[in-house]
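Working notes for the structure below.
The values are calculated or read from the model by the stated rules, or taken from the named source; none is laboratory data. Just so we're clear, the structure is a prediction, and the values are computed from it rather than from any experiment. Cβ placement follows ideal geometry from the backbone for every residue including glycine, while neighbour counts extend to all protein chains displayed. When the accessible area is computed, the model is the full protein with side chains, heavy atoms only, and any ligands, DNA or RNA have been set aside. Shrake-Rupley method; radii C 1.70, N 1.55, O 1.52, S 1.80 Å.
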Amino acid sequence: MIKPTVEPVIGSGRTRLLLAIAFVSLLGGCARSVATIADARMAFASGDLPTAQATLEPIAKKRGRNRDAASLDLAMVKLAAGEVHSAEQTLRELRDRFDQAPKLSLAHDAASTMTDDNTRVFRPASHEEVMIRAMLSICSLARDGTDAEAYALQATTKQDQLRVEAEARGIPLAANHFQPIALAPYLRGVLREATHHDYDDAAKAYQLVSAVQPQFAPAGEDIERATTGAHSAPGHGVLYVIACVGEGPRLEETTAPTTSAALSIASVVLNAQTNQGSGNGDQENGPVLPNIAQVKVPRVVVPPSNLAAINVKASGAEFGVTQTLTDVGQLAISQNEAEMPWTIARAVTRRVVKETTVAKVTDSIGLDGSLGSLFHFAAASAWSGVEKADTRCWGLLPREIQVLRCELPEGNHPVELQAVNFHGIVSGMPRIENVTMVNGRNTYLIVIAPRNAIYVVRSQ
């Protein structure tokens, strides 16, 4: 009995060509808008907290690719609105989820991504992981301060962990890119000093602040005061104005050349994936890297701003301006640059995976000769052309975290806060807060000033 034969649907040249065109047309359907998050950030900077919160909440609740980035921004909006407990709870949940997420290798990460990095589960950048803990410390201070020191220690531990991981990967000057942030030891010093007996611990913490951030001039006074064991003058309390100043680091798409370091990383990854190569650096039988001059990558940008610091007056007396303790923008730029060879390598590896996939589709469709070459070129170009850099980020972090210590007599004081530009000129309407100082106690004013607006959260 002769079995009937059935010609595959892709047997005709015309059908094969139509399938090829359909394949190419499907490659560009992944773009999504993140304009709503941008709108929320603009509203936050201009002082419109209700709009910022109403815009971010549905994105943060939806199980989408922008959920975690929106949730991080929403925590800052809640803190500025005085919803301190909710902000702290959100950051704790995100911290725990990020910590529990599996650590994928570069090989697995690149091979599993057939479009671009936007399809990955959101992973915070290194500086964002550290700042989650730093902002948790600030949330705690705005509440009752119970967990502030523990959070500060977590920030130090996380940065040290990131440094060790960077050194293990061979990142040059990893210790410089991942040095401790001064905010963490500073808060430890402040809290140890407030016990009125742990002055040695406070002095050591302030010494670390001076080493990490030598430009922070008040550190010398802090060390001297802790060394002599005097929290404040009799009948006085201490007001700490902790200011989140300016619009912080964000990501935007740019192109980067495929450096030799990135190509070397990509080559090692691809050889490991295909189990090819001799293992002694001979990559003759390994996958051939395409001739890629540049790839799309995210780069850190810090929005320009005239806001330099916050001027502080209390009961009519001038106390000065807040001083930079941690430059979040510079931290993000430094760590982004340190990670760039791996970011480029991931893009190169992904390009190879796409090239290989297109080649297999070309073979399976049965296209050959000039038609096959044309399809391969068109498909590979279209697939690579729609690729976008992953610019999801915690966009409502401040540019800098600054602080000013004010020693005031016990009792009630009107505290006047006003923006200062880089020429030392105050501008805008002052924000006045009435605070009650307690003898020998600390009081905290958390100021969030992204651009025009000044939000104030008071310790309870």
Residues of segment 49-72 being free of Cβ contacts under 8 Å to residues at least 60 places away in the same chain and either aromatic (F, W, Y) or open to solvent by 40 Å² or more (accessible area, probe 1.4 Å) (or both), which ones?
P50, T51, A54, E57, P58, K61, K62, R63, R67
In segment 213-258, what count of residues is obtained for those that are of a type in the set (V, I, T) and free of Cβ contacts under 8 Å to residues at least 40 places away in the same chain?
3
The residue from R405, R392, R451 that alone is in contact with a Phe, Trp or Tyr (Cβ under 8 Å, 6 or more places away or on another chain) and not in a strand (DSSP E or B) is R392
Residues G220, G237: which one is modelled with pLDDT of 80 or more and open to solvent by 30 Å² or more (accessible area, probe 1.4 Å)?
G220
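The rows are residues; the columns are (1) modelled with pLDDT under 95; (2) among the β-branched types (V, I, T); (3) buried (at least 19 other Cβ atoms within 10 Å of the Cβ); (4) more than 20 Å from N336 (Cβ to Cβ).
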site	(1), (2), (3), (4)
A166	yes, no, yes, no
P172	yes, no, no, no
A175	yes, no, no, no
G189	no, no, yes, yes
R192	no, no, yes, yes
D201	no, no, no, yes
Note on T156: of the conditions (1) touching a Phe, Trp or Tyr at 6+ places or on another chain (Cβ under 8 Å); (2) surrounded by fewer than 22 Cβ atoms within 10 Å (Cβ to Cβ); (3) of a type in the set (V, I, T), unmet is (1)
Among the candidates A345, A380, single out the residue that is modelled with pLDDT under 60, within 25 Å of A293 (Cβ to Cβ), of a type outside the set (D, E) and open to solvent by less than 20 Å² (accessible area, probe 1.4 Å).
A380
Could we say that A80 is open to solvent by less than 20 Å² (accessible area, probe 1.4 Å), of a type in the set (A, V, I, L, M, F, W, C), at pLDDT 95 or above and farther than 21 Å from I138 by Cβ here?
no
How many residues are among the small types (G, A, S), in a strand (DSSP E or B) and modelled with pLDDT under 95 if we restrict to segment 417-440?
2
Tell me, which residue of segment 402-413 that is of a type outside the set (V, I, T) and closer than 14 Å to V241 by Cβ is surrounded by the most Cβ atoms within 10 Å (Cβ to Cβ)?
Q402
